[in-house]
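Shown next, in structure tokens, is the structure this report addresses.
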Amino acid sequence: MISESHTFEFAPGDRASEVEVQIEADELSTKSLLRELLDAMPDVVFILNRYRQIVFANKRCAEVFQAQDRVDIYGLLPGEAINCVNTVEAEHGCGTGSACQNCCAVKAVRAGLKGEKSIGDCRISQISTGRNFDFRVRTTPFQPNGEPCVIFAATDISQDKRRNVLEQAFLHDITNTISSLILHTDLLTLSPEVQNDNLDSLANCANRLLEEINSHKELIDAENGILAVKPVHFSSHAFLQEMQSVYSKSELIETLQIFIAEDSIDMMVFSDKTLLSRIIGNMLKNAIEATTADEVVLMGCRMEKDMEISFWIQNFQSISPDNQLQIFNRSFSTKGIGRGIGTYSMKLIAEKYLKGRVYFNTSRAEGTIFYVTIPAFLHLYEPPQFSILDLEIEP
């Protein structure tokens, strides 16, 4: 008997009754060898029934998901047991919301219920703790009593993902800069006129190489909770002018222009100007890369309530719905492998170090506006206390 039946956006919303779940769980509990084997595994392991409900969970589940007793999560869907942030917006539970369309865990479970082995990587943010998990999910069809079930095994690959993304991004940036250095060095062998033109470019490349190394070091320090915050007083409008000047000379710019909004306020701010420039710099890079020739990028700042100030960057291209859902994920990028830590680092630094927040609005009419809102006066700073597991910040 099915106790509930619902329409859904991606995965079925049907569920077995509590009685059915209990019967299935009791039957599996009698299989002592199976239970001992799954309890011995270091990974999170569920057995799911045909409705994707948990009818068995190994010991590791209770440890990772902070459940007092494994039986407390029986009858739940995997995302509900994990307390996934996307279950809040999914009216009928895990797998039924719009954000679930990109979830490889849901896809793997559905494949398993069709009798296929499957593997996929997914990122899950836990509401109750704020922790974020990168899992490699493996699903295997299983019929303990002639009924279709799925063995769902999830391996925590957070550290591997983090290391790989940072390494790839660093190598990508360094390779590009060194290639440019080599080009300008080769040009120095030409005529004196060409030499003079390329000396400035060579110096700029060397400075950019040092900047990229420092930027990646800051990100590693930020993830490890040891990034130093050094607040100073500065003018908000002068800060915008500095950023405009630096990025108007960027090699990314061809024919587009960067303008400061006329209604931008000018006030004294007490915060870490260097870290704020990292955030605004990443916003400007993304806006410039998204903008087509002869378009403009706008930037500005405004006062908010509670003595906060918002700095914003606007380009006139919109972000697709699928990309919006993943834009602050550490390993997500629309630019290819080895990219994509810019938006992630913006939120990490703003939220963990500047006591602020980063967010965006996007539409076809107005394009995309990224905001960073921070306290205008950063007082009584204390180093953040967080685990390396807490770092994949979601919108």
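The values are calculated or read from the model by the stated rules, or taken from the named source; none is laboratory data. It should be emphasised that the depicted structure is a prediction, and the values quoted were computed from it without experimental measurement. Neighbour counts run over all protein chains shown; Cβ positions are idealised from the backbone, glycine included.
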- prompt: Would you pick out the residues in the stretch 117-154 that are under 15 Å from the mean Cα position of the chain (by Cα) and in a strand (DSSP E or B)?
  reply: Asp121, Cys122, Arg123, Ile124, Ser125, Gln126, Asn132, Phe133, Asp134, Phe135
message: If I ask for residues that are surrounded by 14 or more Cβ atoms within 10 Å (Cβ to Cβ), of a type outside the set (Val, Ile, Thr) and at pLDDT below 90, which ones from the stretch 216-247 would you list?
response: His216, Glu218, Leu219, Ala222, Glu223, Gly225, Leu227, Tyr247
- request: Name the single residue, out of those in the stretch 139-188 being assigned by TED's automatic domain parsing to the domain that holds Phe46 and among the aromatic types (Phe, Trp, Tyr), that is farthest from Lys59 (Cα to Cα).
  value: Phe142
task: Would you please name the residue that is surrounded by the most Cβ atoms within 10 Å (Cβ to Cβ), looking only at residues in the stretch 248-270 that are among the hydrophobic types (A, V, I, L, M, F, W, C) and modelled with pLDDT under 90?
output: Leu256
query: Quick one: how many residues across the stretch 14-34 are of a type in the set (A, V, I, L, M) and more than 17 Å from Lys59 (Cα to Cα)?
result: 4
query: Looking at Ser118, Ser125, Ser98, which one is assigned by TED's automatic domain parsing to the domain that holds Ala25, at pLDDT below 90, of a type outside the set (Lys, Arg) and touching a strand residue (DSSP E or B) at 6+ places or on another chain (Cβ under 7 Å)?
result: Ser125
- line: Ala228 meets each of (1) out of contact with any strand residue (DSSP E or B) (no Cβ under 8 Å at 6 or more places or on another chain); (2) outside any loop (DSSP other than H, G, I, E, B) with one exception, condition (2)
task: Read through the list (1) crowded, with 20+ Cβ neighbours inside 10 Å; (2) small (Gly, Ala, Ser); (3) more than 22 Å from the chain's Cα centre (by Cα), then give the number of the only condition that Ala111 fails.
output: (1)
message: Please go through the stretch 50-65 and give me each residue that is touching a Pro at 6+ places or on another chain (Cβ under 8 Å) and either crowded, with 24+ Cβ neighbours inside 10 Å or not aromatic (Phe, Trp, Tyr) (or both), ordered by number.
response: Arg50, Arg52, Ile54, Arg60
task: Working only within the stretch 286-305, note down all residues that are in contact (Cβ under 8 Å) with a residue 12 or more places away in the chain and outside any strand (DSSP E or B).
output: Asn286, Ala287, Ile288, Glu289, Ala290, Thr291, Thr292, Ala293, Asp294, Glu295
field: Test result for Ala111, in contact with a helix residue (DSSP H, G or I) (Cβ under 7 Å, 6 or more places away or on another chain) and aliphatic (A, V, I, L, M)
entry: no
task: Check off (1) under 14 Å from Cys122 (Cβ atoms); (2) surrounded by 23 or more Cβ atoms within 10 Å (Cβ to Cβ); (3) within 21 Å of the chain's Cα centre (by Cα) for Gln101 and give me the number that stays unchecked.
output: (2)
- request: Scan the stretch 72-87 and report the pairs whose first residue is at positive phi and in the same structural domain as Leu28 (by TED's automatic domain parsing) and whose second residue is of a type in the set (Gly, Ala, Ser) and part of a helix (DSSP H, G or I), with Cβ atoms within less than 9 Å and a gap of 6+ or a chain change.
  value: Gly75/Ala25
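Considering Leu275, Leu284, which residue is modelled with pLDDT of 85 or more, in contact with an Asp or Glu (Cβ under 9 Å, 6 or more places away or on another chain) and surrounded by 15 or more Cβ atoms within 10 Å (Cβ to Cβ)?
On the way: Leu284 fails: in contact with an Asp or Glu (Cβ under 9 Å, 6 or more places away or on another chain).
Answer to the check: Leu275.
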- request: Kindly establish whether Val21 is hydrophobic (A, V, I, L, M, F, W, C), farther than 20 Å from Arg123 by Cα and touching a residue at least 24 places away in the same chain (Cβ under 8 Å).
  value: yes
statement: Residue pairs within 6 Å by beta carbon, gap of at least six or interchain, first lying in the stretch 93-115 and closer than 15 Å to Ala154 by Cα, second part of a loop (DSSP other than H, G, I, E, B) and modelled with pLDDT under 90, listed first then second, are Val106/Ala11; Val106/Gly95
